[in-house]
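Nothing in this text is a laboratory measurement; each read-out follows from the coordinates by a stated rule. This is a predicted model, so every value here is computed, not measured. Cβ placement follows ideal geometry from the backbone for every residue including glycine, while neighbour counts extend to all protein chains displayed.
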Amino acid sequence: MAERRTGRLVILAGPSCVGKSPLAKALERFYPELSQRLAPVVLYNSRTPRPGEADGVDYHFRSRGEIEGLGRDTDRYVVMDVRGDLQALDLVELDALLAKGDAFFEGNPFVGRTLLTHERLAGVPRLSMFVAPLTRAEISYLASQPAVSLPDLVADVMRRKLLRRTSRQKGVLSLPDLENIERRCGSAHGELRLAHLFDHVIPNHDGEDSEHWDAFHFPLGDARRALLAVAALLEGRMPEGVERWGPDVIPA
């Protein structure tokens, strides 16, 4: 039996390296009164931690076999393949968070889709936000150009962000690093096709690789606009520049 839920589920999703993590950190730094109300949803993940990540804080890092084992308890866990990694959502733990207040998921759109559509979560109030690397107008223009392959262009946009981020984290990149980058950037176009499921789409050209997040006292450029947008939405206000996408924004 689920605990009585009193909070809402706040979802911040988008492709890998689009800027979700620095956005959440900036919210914690500059809007602590909003961030402190959000209890993080910590998933299980089969991948190895990135530099600076901590077990039990960013994810519960477990082996693929252990997460496959969790999937046998379908009443409690939802196991998902996310760009080649296995991730698991603990529904009982999520119920416990919602019984105390607002729960916050920051991560990939596949888990975001599950949080929006799972039957066990029917009736839970939600605020869902999707961070996109391009605006709706940019996508419309690019899709109309005969010489442009939108999936390839989106992949290249994200590839550059991922290469810069991973180079900053690790220095010299290994073949597995490059293969992982290709999986992630190759998935981005398909992930953008999930954006219409979310209440709000926040365009943001300043990905996780951008110095606009932390090189200066306050985020600049799109990083700043994205931060102000999330803060406004959490406060119940509708900021400028936030979009709503229909399923036809990203052509099949």
Practice problem: Please figure out what share of the DSSP beta bridges in the range 31-179 is antiparallel and state it in percent, rounded to the nearest 5. | Solution: 55 percent
Self-check item: Nearest-0.05 FRET efficiency for Ala215 and Glu243, computed from C-beta distance (R0 30 Å)
Solution: 0.65
Quiz prompt | Leading residue at positive end of dipole, the chain (Cβ point charges), from Tyr31, Leu116, Met158 | solution = Tyr31
Practice problem: Enumerate by residue number the trypsin sites (Lys or Arg not before Pro) in the range 73-139 meeting two conditions: DSSP loop (anything except H, G, I, E, B), and at most 12 other Cβ atoms within 10 Å of the site's Cβ. | Solution: none
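How big is the charge dipole of the chain about its Cα centre, in debye rounded to the nearest 20, if each Lys and Arg gets +1 on its Cβ and each Asp and Glu gets -1 on its Cβ?
140 debye
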Quiz item: Quick one: if the Förster radius is 45 Å, what FRET efficiency do Ala252 and Thr6 give, using the C-beta to C-beta distance and rounding to 0.05?
Solution: 0.65
Quiz item: Using θ = phi - 60° and the Karplus form 6.51 cos²θ - 1.76 cosθ + 1.60, what ³J(HN,Hα) does each residue of the range 222-239 get, whole Hz, x for Gly and Pro?
Solution: 5, 4, 5, 4, 5, 4, 5, 5, 5, 4, 5, 5, 5, 8, x, 9, 9, x
Quiz prompt | Structure-based [θ]222 nm, the chain - -39500 (n - 2.57) summed over DSSP H runs of at least 4, per residue, nearest 500 | solution = -12500 deg cm²/dmol
Quiz item: Considering only DSSP beta bridges with both partners in the chain, what is the antiparallel share in %, to the nearest 5?
Solution: 30 percent
Practice problem: Among His60, Phe130, Tyr141, pick out the residue whose Cα is farthest towards the positive end of the charge dipole of the chain, where Lys and Arg carry +1 and Asp and Glu carry -1 on C-beta, about the Cα centre. | Solution: Tyr141
Quiz prompt | Exposure proxy order (Cβ contacts within 10 Å, fewest to most) of Met158, Met238, Met80 | solution = Met238, Met80, Met158
Quiz item: Taking a spot 7 Å from the Cα of Asp75 along the direction of its beta carbon, which residues of the range 4-23 have an amide N less than 17 Å from it?
Solution: 4
Practice problem: For Cα Rg over 2.2 N^0.38 Å, several values are listed as [x] 1.10; [y] 0.99; [z] 1.05; flag the one computed from this structure. | Solution: [y]
